[in-house]
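The values are calculated or read from the model by the stated rules, or taken from the named source; none is laboratory data. From a predicted model like this one, the values you see are computed outputs, not experimental measurements. Note that each Cβ is placed from the backbone with ideal geometry, even for glycine, and that neighbours are counted across all protein chains shown. What goes into the accessible areas is simple: the full protein's heavy atoms, side chains included, and nothing from ligands, DNA or RNA. Shrake-Rupley method; radii C 1.70, N 1.55, O 1.52, S 1.80 Å.
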Amino acid sequence: MTTSRRHFLRETAAALTMLPGLRSPRVLAQLARPGNAVRFPPEWSGDQLTVARIRAAVWPGSTTEMLAINGSVPGPTIRVRRGEEFAARIQNQLDQPLVLHWHGLLAPERMDGHPRDQVGTGQSYDVRFPVLQRAATCWYHSHTDELTAEQAYRGVAGLFLIEDPAESALGLPAGDHDIPLVLTDKRVNAQRQLVYAPSMMDQMSGYIGDVMLVNGTPDAWLSVDRGLYRFRLLNGSNARICKVGFVDSRPLWVVATDGGLLPAPAEVRSVMLAPGQRIEVLVDFSGSAVDTSVLLVSLPFATGGRMMGGSAQGSAMDLIRFYVDSSTTGTGKPPAVLAPIEVLSEQRARRTRVFTLAMSGMVHTINGRLFDMDRVEFTVPFGDVEIWEYHNTGTEPHPMHTHGGLGQVLSRTTTVVLAPEDRGWKDTVLVNPGEIVRVLMCFEANPGVFVHHCHNLEHEDSGMMQNFEVLRPPALAIESAGWGVSLSWPVSSEGWRLETSTETIGSPWRPVVEVPVVVDQRWTVRIAEPTGPQFYRLVKG
Ligand code: C2O
Ligand code: CU
Ligand code: CU
């Protein structure tokens, strides 16, 4: 457990101790506050992720039935440094099938949590893959066939944080100033039980709740000092899109989106955060007086379409209240520069794929079809960059999410300048009614069959999803010779060239300068033994 989490646990424990003589005025003030101190999921350790039904203390004085991971909702926060391997045994103790997906992580095909890989009640399966991508706030959640929405809603989700040295070196707010905020909306009955009973209208528009939980906490608050904070926001809701901002419209400096850090912070007053998306912001409390508080909310907005049946999409919601109750003043300012990213150029795109998102009858389709587990809709050559063009012809927003690759938003018909939430590496892109959004997608991590789908989980479960296959590149053989290393691939595979990088995605790749020669029917490149970790890939063209 990190010291920051210990600090929070101590604070909570202090607030719960009913020994008047030991309580400071500060703690007394906290006890008098309405609502609940925001909870933090524990850090994951060990090698098990066990999903089971539990009764959790969500509201004081009652318990709520939820689906927990290792007894916790949200599930434990997985933290991996780039270059490390992630390995876990997933145990399904539910009375339903289950598979977990690592959202935002470039996992190998059979580790990714495709619904075909779900296991039955009482079964377990192993996941193991190296995490080679740059620092990012990712997450994991149920991806069970037609049960993703209900299982995620009832709690099968958690954060998956990737760290790397480039990010650590920036000195961003850390420890108890690095705060995850997992936003989920629920419907709750008088017995304080979660209700999941989508009507026909809910199936069409997505299940929207009227109670907001932050890290599983209703009416959440957090004590802060007058310093700079890093908030890692995840919208873990099934369907609700949040427009996150402070009631006093203080600035948010956007530092990261789905796939990690932006090149530089962008100052805004609010950010749109659709289901599945993450955004990281820095917030400065140094201008706030001690003993004041400020509320983070989801601001009301229009969806741009006529929602079915008067859906509550875009309604105002309170998220969490921050009490400034320490005079400690931070000196931190947002850094001027964050982390460079490889900007994909449109010229690199080898083709454009159009995805028409439409309503047909009671369901939403992609190019007129619904998901078929066994049908692969299209193939993508490994290493290719493609333009994925989403045309939303319907009346509802669709946050479109892709497994197996990351992308960069190229354009959006409703704006000239892309908002910060559209910048950087993205895995989930919001496509509003009437919009055409073009995304440069890059598939250079893993071959195999992956899905892309709407992250409105009711839309996903009702079939707004497709399989596609990233084709296998020519096998690159790496052999070490006495004097160095030889890399080779079959002469029969035309038009590939070798590139190298110190990480697999998100950092610039450069061509290997040595010229390949044909040896035993293979293109062969000989290089000196690299001094540190080095990645190689074959790129077409
Ligand atoms: Cu977060 Cu395929 O999902
Ligand atoms: Cu995903
Ligand atoms: Cu959708």
- Note on the structure: For strands (runs of 3 or more DSSP E) lying entirely in segment 427-481, having 2 or more residues that are away from ligand 1 (no atom under 16 Å from the Cβ) and open to solvent by 10 Å² or more (accessible area, probe 1.4 Å) picks out 436-442, 477-481
- Restrict the check to segment 266-283 and report whether at least one residue is in a loop (DSSP other than H, G, I, E, B), small (Gly, Ala, Ser), open to solvent by less than 50 Å² (accessible area, probe 1.4 Å) and modelled with pLDDT of 95 or more. yes
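Which one is nearest to ligand 2 (Cβ to nearest atom) among residues in segment 211-220 that are open to solvent by 10 Å² or more (accessible area, probe 1.4 Å) and under 23 Å from the mean Cα position of the chain (by Cα)?
At the first step, the residues of segment 211-220 found to be open to solvent by 10 Å² or more (accessible area, probe 1.4 Å) are 211-212, 216, 219.
This time we only want the ones that are under 23 Å from the mean Cα position of the chain (by Cα), so: 211-212, 216.
Working: Val211: 26, Met212: 23, Gly216: 21 Å.
Filtering first and then ranking leaves Gly216.
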- Item | In segment 415-451, residue farthest from ligand 3 (Cβ to nearest atom) [restricted to those that are touching a residue at least 40 places away in the same chain (Cβ under 8 Å) and of a type in the set (Val, Ile, Thr)] | Val449
- Query: Can you name the number of the only condition in (1) surrounded by 22 or more Cβ atoms within 10 Å (Cβ to Cβ); (2) assigned to a loop (DSSP other than H, G, I, E, B) that Val255 fails?
  - Reply: (2)
- When residues of segment 128-145 are filtered for being within 15 Å of ligand 1 (Cβ to nearest atom), more than 20 Å from Met66 (Cβ to Cβ) and touching a helix residue (DSSP H, G or I) at 6+ places or on another chain (Cβ under 6 Å), how many remain? 1
- Query: Which of the residues that make up segment 73-84 are open to solvent by less than 60 Å² (accessible area, probe 1.4 Å) and out of contact with any Phe, Trp or Tyr (no Cβ under 9 Å at 6 or more places or on another chain)?
  - Reply: Val73, Gly83
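Restricting to segment 368-403, name every residue that is outside any strand (DSSP E or B) and within 14 Å of ligand 3 (Cβ to nearest atom).
Leu370, Phe371, Thr393, Gly394, Thr395, Glu396, Pro397
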- Inside segment 85-112, can you point out the residues that are open to solvent by 10 Å² or more (accessible area, probe 1.4 Å), within 9 Å of Val127 (Cα to Cα) and touching a residue at least 40 places away in the same chain (Cβ under 8 Å)? Ala87, Arg89, Arg110
- Condition set at pLDDT 95 or above and either farther than 21 Å from Leu105 by Cβ or among the charged types (D, E, K, R) (or both), scope segment 428-455, selection farthest from ligand 2 (Cβ to nearest atom): answer is Gly434
- Would you confirm whether any residue within segment 30-43 is surrounded by fewer than 19 Cβ atoms within 10 Å (Cβ to Cβ), within 22 Å of Glu460 (Cα to Cα) and among the aliphatic types (A, V, I, L, M)? no
- Considering segment 148-177, residues that are in contact with a helix residue (DSSP H, G or I) (Cβ under 7 Å, 6 or more places away or on another chain) and farther than 24 Å from Gln118 by Cα, and then whichever is surrounded by the most Cβ atoms within 10 Å (Cβ to Cβ), we arrive at Asp176
- Item | Some residue of segment 331-351 being within 16 Å of ligand 2 (Cβ to nearest atom), outside any loop (DSSP other than H, G, I, E, B) and more than 30 Å from Ser288 (Cα to Cα) | no
- Residues Ser327, Ser293: which one is farther than 22 Å from Arg240 by Cβ, out of contact with any helix residue (DSSP H, G or I) (no Cβ under 6 Å at 6 or more places or on another chain) and either part of a loop (DSSP other than H, G, I, E, B) or open to solvent by less than 70 Å² (accessible area, probe 1.4 Å) (or both)? Ser293
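Can you confirm whether Asp372 is open to solvent by 50 Å² or more (accessible area, probe 1.4 Å), of a type outside the set (Gly, Ala, Ser) and touching a residue at least 40 places away in the same chain (Cβ under 8 Å)?
In short, yes.
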- Message: Quick check on segment 487-499: of everything there that is of a type in the set (Ser, Thr, Tyr) and at pLDDT below 85, which residue is surrounded by the fewest Cβ atoms within 10 Å (Cβ to Cβ)?
- Response: Ser492
- Taking segment 500-530 and the residues there that are open to solvent by 80 Å² or more (accessible area, probe 1.4 Å) and closer than 27 Å to Ala136 by Cβ, the one that is modelled with the lowest pLDDT would be Pro508
- Message: For segment 35-62, which positions are over 14 Å from Gly158 (Cα atoms), in contact (Cβ under 8 Å) with a residue 24 or more places away in the chain and part of a loop (DSSP other than H, G, I, E, B)?
- Response: Gly35, Val38, Asp47, Val58, Trp59, Pro60, Ser62
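Looking for something within 15 Å of ligand 2 (Cβ to nearest atom) and not in a loop (DSSP other than H, G, I, E, B) - is there at least one such residue anywhere in segment 412-419?
No, segment 412-419 contains no residue that is within 15 Å of ligand 2 (Cβ to nearest atom) and not in a loop (DSSP other than H, G, I, E, B).
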- Which is in contact with a strand residue (DSSP E or B) (Cβ under 7 Å, 6 or more places away or on another chain), more than 30 Å from Val80 (Cβ to Cβ) and modelled with pLDDT under 80, of Arg33, Arg26? Arg26
